[in-house]
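The values are calculated or read from the model by the stated rules, or taken from the named source; none is laboratory data. These numbers were taken from a predicted model, which means no experiment stands behind them. Note: ideal-geometry Cβ built from the backbone for every residue, glycine included; neighbour counts use all protein chains shown. Note: areas computed on protein heavy atoms with side chains; ligands, DNA, RNA excluded. Shrake-Rupley method; radii C 1.70, N 1.55, O 1.52, S 1.80 Å.
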Amino acid sequence: MYFSTEPPVTTGLPFYKTVVCLTCVLILIINGVSLFLNLGSLKGANEIQGQTAKVIDKVQYVNVLIMDAESSLRGYFLSGSEVYLGPLRTASSEIDAQFGELDRLLADSPSQRRNLAQLHTLVYRRLDTMNQVLDVYRQGGLADILKIAGTSDSKAEMDEIRLQVVILVQEQNELLAARSATFYREYQHAVFLGISINAMAILVLALFYRLIRRSYFARATTQRALENANDNLESMVVLRTEQLSVLSRHLISVSEEEKARLARELHDELGANLTSINIDMNAVADTVRATQPALAVMLDRARATLVDTVELKRRIVEDLRPSLLDHLGLSAAVQSYCEEFGRVTGLDCEALIDGDVDVAGPMHAIAVFRIVQESLNNIAKYAQARQVIVHLGREAGGLSLEVSDDGVGIEGDAVAKPKSHGLLGMRERALLLGGSLRVKRGVNNLGTCVEAFIPLSRVADSGDNGNPAPEDPAPLPFSGLHPSEGDRTPSLRPYSIRRHTPPGPGGQSP
């Protein structure tokens, strides 16, 4: 069963979330259109206000031009200087330009255009009158002007012009007021629409927040459930791993005890029986050798087979429990095995022993010997090495072992392979006695180096085969040699340094 904290992949959003998203998009679009329309209305109001200001300015300017022209004419009558006629001469051209601008500004207002036409008529009528008076003055003098002034009504004409200016200005202000009122109403509608849109947006955001909050809490709940499941699974894996590790160490211990027991039984009982058979066969052969030579030859062949059987028994006993460990100690057993390993494989195998390593108890000695045995076996099978160095030394608190070669080196994923039983067996043997084991690349990344440390202070060095119960130290970073191809990595058989000798005169094997 697998647990994962990653959420399941879905094909799309749920329908209600899609509706909420589309509603948010629609509200944003409506709000954008409303802002655009409000901007257009504001721009129109500003244009109307600017147009009104321009119309008023130009109408007032026309009025000023007429008044300046009339004042300049009076000054000319009083002084006779042509300088005073400047405003009158420029009035016509200026007034034409102003009326052209006014006609463009008031193009969309028919009533104002009618007022403008009346103002135009009055202004040009007044200009014509002033030009006629000027001509009369130049022909007849001031007396004719006084006669014309007595008969004409110039004041009434100017009053009409002022009145028409007032009317234009007033109607323009009324038009501005009307359009401002219309803009204000549109602005009120826009404000109301904006408030409504904001209310809808707040409502949708609140709904969206609620959905997000619900989704967040649902995700958090799922996350906690997955974390709890993973924690439980990890605890279960740790527990099962510890149980399997303890079981593995127990099986190793039981296996060594069973091998030792079988070795003792084979050496004692089977050895005694074979020796007894050999004695009887020697006695029978000596008895019948003179009278029945053929039977004596058969007995000699049987006795040779018996000798081979004794040698086979020795090899089996040595394989189950190296006798050198019990008779001469760990140092002699390791040196002898390295010599036999070098002789059989043709490798240069050197054993370096530092300190008194024979103080190790039986469990420590057999663990170190099996690690050496398994390491050399892996080197012979996979390392393609030419030189092997086994360094066993006594350190403060325990035994240190280093088996190094100059072969092809260890692969990075060697330990991850499922059939690295030999490597795991070496590690479990070290952990069984509270030690540690590390397999790494050799010096200058050449070859492989197996480092092991077996403490001596945690287990009573009493020489019995009881099961120790040390606390497992934190293991060193563990890697491995090249794993075996089968379910287990078989070890090379232990070679005995005992020399085989033929039976003595009494028929007994030494």
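Below, the figures for the structure above:
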quantity: Near pairs, Cβ below 6 angstrom, 6+ apart or cross-chain, from region 422-434 (over 15 Å from Val450 (Cβ atoms)) to any residue that is among the small types (Gly, Ala, Ser) and in a helix (DSSP H, G or I); calculated: Leu433/Ala367
quantity: Only listed residue being in a helix (DSSP H, G or I), touching a Ser or Thr at 6+ places or on another chain (Cβ under 9 Å) and among the aliphatic types (A, V, I, L, M), chosen from Ile212, Ile197, Ile202, Ile252; calculated: Ile197
quantity: Some residue of region 321-331 being surrounded by 12 or more Cβ atoms within 10 Å (Cβ to Cβ), in contact with a Ser or Thr (Cβ under 9 Å, 6 or more places away or on another chain) and not in a helix (DSSP H, G or I); calculated: yes
quantity: Selection status of Glu339, charged (D, E, K, R), open to solvent by less than 30 Å² (accessible area, probe 1.4 Å) and under 28 Å from Arg386 (Cα atoms); calculated: no
quantity: Residue check, Arg126 on the phi < 0 side of the Ramachandran plot, open to solvent by 70 Å² or more (accessible area, probe 1.4 Å) and either assigned to a helix (DSSP H, G or I) or at pLDDT 80 or above (or both); calculated: no
quantity: Complete set of residues in region 168-186 that are buried (at least 16 other Cβ atoms within 10 Å of the Cβ) and under 17 Å from Leu116 (Cβ atoms); calculated: Leu168, Val169, Glu171, Gln172, Leu175, Leu176
quantity: Criterion: closer than 30 Å to Ala385 by Cβ and in contact with a helix residue (DSSP H, G or I) (Cβ under 8 Å, 6 or more places away or on another chain) - qualifying residue of Leu306, Leu266, Leu320, Leu295; calculated: Leu320
quantity: Selection status of Gly40, modelled with pLDDT under 80 and over 30 Å from Tyr184 (Cβ atoms); calculated: no
quantity: Residue tally, condition in contact with a Lys or Arg (Cβ under 7 Å, 6 or more places away or on another chain), touching a residue at least 40 places away in the same chain (Cβ under 8 Å) and farther than 30 Å from Glu269 by Cβ, over region 316-364; calculated: 5
quantity: Region 342-361 - residue that is assigned to a helix (DSSP H, G or I) and under 24 Å from Leu423 (Cβ atoms) and, of those, most open to solvent (accessible area, probe 1.4 Å); calculated: Val344
quantity: Residue match in region 308-315 (condition: in a helix (DSSP H, G or I), of a type in the set (Val, Ile, Thr) and in contact with a strand residue (DSSP E or B) (Cβ under 7 Å, 6 or more places away or on another chain)); calculated: no
quantity: Filtered residue count, region 72-84, keeping only those that are at pLDDT below 80, of a type outside the set (Phe, Trp, Tyr) and either within 17 Å of Arg126 (Cα to Cα) or in a helix (DSSP H, G or I) (or both); calculated: 6
quantity: Lone qualifier among Glu411, Glu402, Glu451 - being at pLDDT 90 or above, touching a His at 6+ places or on another chain (Cβ under 7 Å) and open to solvent by 10 Å² or more (accessible area, probe 1.4 Å); calculated: Glu402
quantity: Restricting region 96-122 to residues that are open to solvent by 20 Å² or more (accessible area, probe 1.4 Å) and of a type in the set (Ser, Thr, Tyr), the residue that is modelled with the lowest pLDDT; calculated: Ser111
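Table: residues versus (1) among the β-branched types (Val, Ile, Thr); (2) touching a Leu at 6+ places or on another chain (Cβ under 6 Å); (3) crowded, with 17+ Cβ neighbours inside 10 Å; (4) at pLDDT below 75.
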residue	(1), (2), (3), (4)
Pro8	no, no, no, yes
Phe15	no, no, no, yes
Leu26	no, no, no, no
Asn46	no, no, no, yes
Gln51	no, yes, yes, no
Val59	yes, yes, yes, no
Val64	yes, no, no, no
Met67	no, no, no, no
